Amino acid sequence: MEAAEGTVNGSVDYKGNPVHRSTSGGWRSASFIIAVEVAERFAYYGISSNLITYLTGPLGQSTASAAANVNTWSGTATLLPLLGAFVADSFLGRYRTIIAASLIYILGLGLLTLAAKLTTVNLHDCRSTKDARLCAPPRFQVILFFFSVYLVAVGQGGHKPCVQAFGGDQFDGQDPKESKAKSSFFNWWYFAISVGITVTLIVLVYIQDNLSWALGFGIPCIVLVAALLVFLLGSRTYRYSAKENGNNPFMRIGRVIVRAIRNRHNTPSAMPSEEDACLWDRCSGQFKFLNKALLAPDGSVEDQNVCSVSDVEDTKALLKLVPIWITSLAYAIAFAQTSTFFTKQGATLDRKIVSGFKVPAASLQTFIGFAIMISIPVYDRIVVPIARGLTRKPSGITMLQRIGTGMVFSAISMVTAALVEMKRLETAKDHGLVDLPKVTVPMSIWWMVPQYILCGVADVLTIVGLQEFCYDQVPKELRSLGIALYLSIFGIGSFLSTFLISTINKATSRDGQESWFANNLNRAHLDYFYWLLAVLSALGFSAYLYFARSYIYNREGAI
């Protein structure tokens, strides 16, 4: 009896037996999983953060071609987690998918290191012979490089949605103590990967730019091999999700939608038994049209082929995420600016810290990482306990309240960026630098720190909140898909940002006028763009607030 009380519902051990709470899961198991994710983020950002430099340097591409290739690769890498989640939730399971994806990832990084080494040899021959024809890398090397980076994208697509979901699986949300730990897990998860990304921006980018591209790609490969070994060491301690239904979860949900459409004109016949009436009443009031999936063609609920109540409720759970997903896109559009226009802003300012040393404009993004690393401990150890005492909720505030608060900080960061840009433009005008874009504007780079810090605080609230929300509110069998849906918000947001910039650029550069995004930033109007994003953020938050206030959490006691 004591063993039964100590088991975790819905979880098994590596042998498929009921798993015991005292010998599995928790922070011990989560630590192995966090380690492999930190290594993966180190590897991914080791490529993405400096990819355009490699394309325009060793591969000799034009800036426009390189930017297009980076955007295409980044967009593909962002959407592939949806495929990875489908494979994990339908066939392999999260654990096996992580191992398979890691092996693909390592192969891609290994081939990328080889491609970089071959290109380096080619460049050496070019310099030694001074033959311009040798400067362009052979077609084979270019093909090998792109095959390698897209292989990395495939590995990341299987790795990213599964690792975080698998980490969350190590905590039982039904246990009061583990429920608190589970909420903290998402905080410290984001803290850990922020550390990995910050180290990449500081260390790995320097190695790539100043020492060797082959070494810069080879180190992440070695790190990921070590991380996979660490992940495998924890196999005996992990909790694995036990499939409650043998059917493919995607097939079950698709079947509900198809049956509901087919039965849209049917009405329930007289219930032949009290049990059937109870079955119908168990369905939630939202998306009532899906309840028709419970009916047979004649309106009865006796047909063995009708969908179950759990199938219908799982489908409703996914549909309820759609309004939150859509209204989060405004935040994702603002999020996309930190690595683009914020950097261009910073490049025009006085970046000197000490004599002879300037802060690289792209390195300003480390302020976001520092803000995250400071904010998460403050939030988890100070804010949450205080809020927990007031609200009696394990997480202090609800997931949707947390997401919304971050959206407010994001809007404030856009307002701050607009004000700083107005100050920059005024300074350039006062010093006669409007037509001298290459001359440093006499304004300290420290003016930009507040907008980066506000973005970091917003990330701690909204991004971590979205991770936990998308994981917690999807059916248990589809939690990898939940994480993939969270990731797709930022993928689509990035594409929307590109579309918005392109549209504004065309509209504002007509009749010979200077575009808001003119190459000469002293004549451009990034401040107008930031004000527009602030308005979009406010509108997005208003729509989000409307849907969030009416949202009904799927599980009793959900936070």
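The values are calculated or read from the model by the stated rules, or taken from the named source; none is laboratory data. In this text the structure is predicted, and so the values were computed from the model without any measurement. Reconstructed Cβ throughout: ideal geometry from the backbone, glycine too, with neighbour counts over all protein chains shown. All accessible areas refer to the heavy atoms of the entire protein, side chains included, with ligands and DNA or RNA removed. Shrake-Rupley method; radii C 1.70, N 1.55, O 1.52, S 1.80 Å.
Can you give me the ranges of the helices (runs of 4 or more DSSP H) entirely in the range 1-64 with at least 3 residues that are modelled with pLDDT of 75 or more and under 30 Å from VAL142 (Cβ atoms)? Give the steps one after another, and end with the answer.
Numbers: elements: 2-6, 26-48, 51-56.
Where helices (runs of 4 or more DSSP H) fall fully within the range 1-64 and carry at least 3 residues being modelled with pLDDT of 75 or more and under 30 Å from VAL142 (Cβ atoms), they are 26-48, 51-56.
With respect to the numbered conditions (1) surrounded by 21 or more Cβ atoms within 10 Å (Cβ to Cβ); (2) part of a helix (DSSP H, G or I); (3) touching a residue at least 40 places away in the same chain (Cβ under 8 Å); (4) not polar (S, T, N, Q), which one is the sole condition not fulfilled by TYR486?
It is condition (3) that TYR486 fails.
Consider the range 500-549. How many of its residues are assigned to a loop (DSSP other than H, G, I, E, B) and either open to solvent by less than 80 Å² (accessible area, probe 1.4 Å) or free of Cβ contacts under 8 Å to residues at least 40 places away in the same chain (or both)?
First, the residues of the range 500-549 that are assigned to a loop (DSSP other than H, G, I, E, B): 509, 513-525.
After this cut, where a residue has to be either open to solvent by less than 80 Å² (accessible area, probe 1.4 Å) or free of Cβ contacts under 8 Å to residues at least 40 places away in the same chain (or both) as well, the list is 509, 513-518, 520-522, 524-525.
Qualifying residue count, the range 500-549: 12.
What are the residues in the range 446-483 that are among the aliphatic types (A, V, I, L, M) and open to solvent by 10 Å² or more (accessible area, probe 1.4 Å), if any? If you could, list the steps in order and put the result at the bottom.
Just the residues of the range 446-483 that are among the aliphatic types (A, V, I, L, M), to begin with: 448-449, 453-454, 457-458, 460-461, 463-464, 466, 474, 478, 481, 483.
Residues satisfying the conditions are VAL449, ILE453, LEU454, VAL457, LEU461, LEU481.
Identify the single condition in (1) touching a Leu at 6+ places or on another chain (Cβ under 7 Å); (2) over 19 Å from ALA334 (Cβ atoms) that THR391 does not satisfy, given that it satisfies every other one.
Result: THR391 passes all but (1).
Would you check which residues across the range 6-20 are touching a residue at least 24 places away in the same chain (Cβ under 8 Å) and in contact with a Gly (Cβ under 8 Å, 6 or more places away or on another chain) and list them?
Within the range 6-20, VAL8, SER11, VAL19 qualify.
Under the condition of being modelled with pLDDT of 85 or more, surrounded by fewer than 17 Cβ atoms within 10 Å (Cβ to Cβ) and touching a helix residue (DSSP H, G or I) at 6+ places or on another chain (Cβ under 7 Å), which residue from the range 66-113 is nearest to ALA165 (Cα to Cα)?
LEU83
Out of all the residues in the range 348-381, which are more than 29 Å from LEU425 (Cα to Cα) and open to solvent by 70 Å² or more (accessible area, probe 1.4 Å)? Steps first, please.
Residues of the range 348-381 that are more than 29 Å from LEU425 (Cα to Cα), as a first pass: 372-381.
Correct list: ILE374, ARG381.
VAL449 - would you say it is in a helix (DSSP H, G or I) and within 14 Å of THR338 (Cβ to Cβ)?
On the way: in a helix (DSSP H, G or I): yes; within 14 Å of THR338 (Cβ to Cβ): yes.
The answer is yes for VAL449.
Looking at (1) modelled with pLDDT of 90 or more; (2) closer than 30 Å to SER310 by Cα, which one does TYR486 not meet, given that it meets all the others?
Every listed condition holds for TYR486 apart from (1).
Select from the range 159-170 the residues that are open to solvent by less than 10 Å² (accessible area, probe 1.4 Å) and not aliphatic (A, V, I, L, M) and list them in ascending order. It would help to see each step written out before you state the result.
Just the residues of the range 159-170 that are open to solvent by less than 10 Å² (accessible area, probe 1.4 Å), to begin with: 159, 161-168, 170.
Selection gives HIS159, PRO161, CYS162, GLN164, PHE166, GLY167, GLY168, GLN170.
Please tell me if SER480 is in contact with a strand residue (DSSP E or B) (Cβ under 8 Å, 6 or more places away or on another chain) and touching a residue at least 24 places away in the same chain (Cβ under 8 Å).
On the way: in contact with a strand residue (DSSP E or B) (Cβ under 8 Å, 6 or more places away or on another chain): no; touching a residue at least 24 places away in the same chain (Cβ under 8 Å): yes.
No; evaluated as a whole, the condition is false for this residue.
Here is a check on your reading of the model: is ILE397 in contact with a helix residue (DSSP H, G or I) (Cβ under 9 Å, 6 or more places away or on another chain) and closer than 22 Å to LEU545 by Cα? So that I can check it myself, show each step before the final result.
Details: in contact with a helix residue (DSSP H, G or I) (Cβ under 9 Å, 6 or more places away or on another chain): yes; closer than 22 Å to LEU545 by Cα: yes.
Judged against the criteria, ILE397 is a match.
Can you tell me how many residues within the range 414-445 are open to solvent by less than 70 Å² (accessible area, probe 1.4 Å), in a loop (DSSP other than H, G, I, E, B) and touching a residue at least 40 places away in the same chain (Cβ under 8 Å)?
Looking only at that region, the number is 4.
Check whether at least one residue in the range 396-405 is closer than 20 Å to TRP531 by Cβ and open to solvent by less than 60 Å² (accessible area, probe 1.4 Å), and report yes or no. Quick ask: steps written out before the conclusion?
Of the residues in the range 396-405, the ones closer than 20 Å to TRP531 by Cβ are none.
No.
Please determine, by comparing only the residues of the range 489-499 that are of a type in the set (Ser, Thr, Tyr) and modelled with pLDDT under 80, which one is surrounded by the most Cβ atoms within 10 Å (Cβ to Cβ). I'd like the intermediate steps shown before the answer.
Within the range 489-499, the first condition is being of a type in the set (Ser, Thr, Tyr), and the residues that meet it are 494, 497-498.
Going one step further and asking which of them are modelled with pLDDT under 80, we end up with 494, 498.
Numbers: SER494: 20, THR498: 15.
Only one residue tops the list, namely SER494.
Under 9 Å between Cβ atoms, at least 6 apart or on separate chains: pull out the pairs that start in the range 216-235 with a residue that is assigned to a loop (DSSP other than H, G, I, E, B) and end on any residue that is surrounded by 14 or more Cβ atoms within 10 Å (Cβ to Cβ) and not aliphatic (A, V, I, L, M).
Within 9 Å, the pairs are GLY234/SER29; GLY234/SER31; GLY234/PHE32.
So which of VAL230, VAL163, VAL223 is at pLDDT 80 or above, within 27 Å of LEU107 (Cβ to Cβ) and more than 23 Å from the chain's Cα centre (by Cα)?
Numbers: VAL163 fails: more than 23 Å from the chain's Cα centre (by Cα); VAL223 fails: more than 23 Å from the chain's Cα centre (by Cα).
Result: VAL230 is the single residue among VAL230, VAL163, VAL223 that is at pLDDT 80 or above, within 27 Å of LEU107 (Cβ to Cβ) and more than 23 Å from the chain's Cα centre (by Cα).
Considering each of ILE368, ILE382, ILE386 in turn, give the residue that is part of a helix (DSSP H, G or I) and in contact with a Cys (Cβ under 6 Å, 6 or more places away or on another chain). Please lay out each step first, then the result.
On the way: ILE382 fails: in contact with a Cys (Cβ under 6 Å, 6 or more places away or on another chain); ILE386 fails: in contact with a Cys (Cβ under 6 Å, 6 or more places away or on another chain).
Within the list ILE368, ILE382, ILE386, the selection yields ILE368.
Show the residue pairs that are 6+ apart or on different chains and have beta-carbon atoms under 9 Å apart, the first residue being within the range 248-263 and over 14 Å from LEU478 (Cβ atoms), the second being of a type in the set (Lys, Arg) and buried (at least 21 other Cβ atoms within 10 Å of the Cβ).
The qualifying pairs are ARG259/LYS292; ALA260/LYS292; ILE261/LYS292; ARG262/LYS292; ASN263/LYS292.
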